[in-house]
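Enquirer: What follows is a structure written as structure tokens; I'll ask about it next.
The values are calculated or read from the model by the stated rules, or taken from the named source; none is laboratory data. All figures in this text were calculated on a predicted structure; none of them were measured in a lab. Please note: Cβ atoms are built from the backbone with ideal geometry, for glycine as well, and neighbour counts cover all protein chains shown. The area values use the complete protein model at the heavy-atom level, side chains included, leaving out ligands, DNA and RNA. Shrake-Rupley method; radii C 1.70, N 1.55, O 1.52, S 1.80 Å.
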Amino acid sequence: VVERVSRALDRGEKIAVHGHDDADGVCATLIMVEALAQLGARASTYIPDRRREGHGFSKGEMDLLASRSVDLIVTVDSCVSERELISYASGLGIDTIVTDHHEIPPELPDAVAVVNPKLPDTEFPYRYMAGVGVALRVAELLLSELSAGRTLVDPPSWGGARWHEEAVALAAVGSVADRVPLT
């Protein structure tokens, strides 16, 4: 994850954060896109309308993102089961990093990376995090590993020292709303 995002930053690639249209997914999307913005990324968001587009990826979404010259998709709270559509995106020249908390399918997608606390070999400290918790941990890692030596080109209004405090509050909202165990 760190290596691929670092390459995207160095090359000025376009990154799309793909979220889910519930409180968990929306909070996770905001955390991730704001962390990427602090690092100077050209990041946008895409949250499909569940009624029109369904849940997860769609070919139409991939075609739209390709037409916008997106090079990397970072999913939050979704897509661990999107094997076929992640392959489709790859065929369009778009890499995908999956961050999710849903159950692990029999076969993982061929993404650049899959981050999920339910993976058998994970080092996540808690198996039952909501998607926003996973996004928070990945965003913290990216900021920790990639902020040294980088100028914060366009830090968000709540970025910098306040980012972690605000991100943890969003993670709490998303976790409670998603009804994950709060132990």
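Enquirer: Suppose the filter is at pLDDT 95 or above, in a loop (DSSP other than H, G, I, E, B), open to solvent by less than 60 Å² (accessible area, probe 1.4 Å) and of a type in the set (A, V, I, L, M, F, W, C); does Leu136 pass it? Can you show your working first?
Expert: Values: at pLDDT 95 or above: yes; in a loop (DSSP other than H, G, I, E, B): no; open to solvent by less than 60 Å² (accessible area, probe 1.4 Å): yes; of a type in the set (A, V, I, L, M, F, W, C): yes.
For Leu136, the condition - at pLDDT 95 or above, in a loop (DSSP other than H, G, I, E, B), open to solvent by less than 60 Å² (accessible area, probe 1.4 Å) and of a type in the set (A, V, I, L, M, F, W, C) - is not met.
Enquirer: Any residue at all in region 65-72 that's among the aliphatic types (A, V, I, L, M), farther than 21 Å from Leu146 by Cα and open to solvent by 10 Å² or more (accessible area, probe 1.4 Å)?
Expert: Yes, some residue in region 65-72 is among the aliphatic types (A, V, I, L, M), farther than 21 Å from Leu146 by Cα and open to solvent by 10 Å² or more (accessible area, probe 1.4 Å).
Enquirer: Same structure again: Restricting to region 46-56, name every residue that is within 23 Å of Pro117 (Cβ to Cβ) and either at pLDDT 95 or above or open to solvent by 10 Å² or more (accessible area, probe 1.4 Å) (or both).
Expert: Across region 46-56, the qualifying residues are Ile47, His55.
Enquirer: Can you tell me which residue in region 98-113 is modelled with the highest pLDDT, limited to those that are of a type outside the set (Ser, Thr, Tyr) and within 10 Å of the chain's Cα centre (by Cα)?
Expert: The first filter runs over region 98-113 and keeps only residues of a type outside the set (Ser, Thr, Tyr), leaving 98, 100-113.
Now narrow it down to the ones that are within 10 Å of the chain's Cα centre (by Cα): 98, 100.
Numbers: Val98: 98, Asp100: 95.
In this case the residue turns out to be Val98.
Enquirer: Based on this model, can you work out whether Leu9 counts as within 12 Å of Asp77 (Cβ to Cβ), part of a helix (DSSP H, G or I) and open to solvent by 10 Å² or more (accessible area, probe 1.4 Å)?
Expert: No.
Enquirer: Any residue at all in region 22-36 that's in a strand (DSSP E or B), surrounded by 16 or more Cβ atoms within 10 Å (Cβ to Cβ) and under 15 Å from the mean Cα position of the chain (by Cα)? Let's see the steps before the verdict.
Expert: To start, the set of residues in region 22-36 that are in a strand (DSSP E or B) comprises none.
Scanning region 22-36, I find no residue that is in a strand (DSSP E or B), surrounded by 16 or more Cβ atoms within 10 Å (Cβ to Cβ) and under 15 Å from the mean Cα position of the chain (by Cα), so the answer is no.
Enquirer: Oh, and also: Among the residues of region 3-21, are any of a type in the set (Ser, Thr, Tyr) and farther than 22 Å from Gly174 by Cβ?
Expert: Taking region 3-21 as the starting set, the residues that turn out to be of a type in the set (Ser, Thr, Tyr) are 6.
With farther than 22 Å from Gly174 by Cβ added as a condition, the list becomes 6.
Scanning region 3-21 turns up at least one residue that is of a type in the set (Ser, Thr, Tyr) and farther than 22 Å from Gly174 by Cβ.
Enquirer: Sticking with this one: Does Asp71 qualify as being more than 30 Å from Val180 (Cα to Cα) and among the acidic types (Asp, Glu)?
Expert: When the stated conditions are applied, Asp71 passes them.
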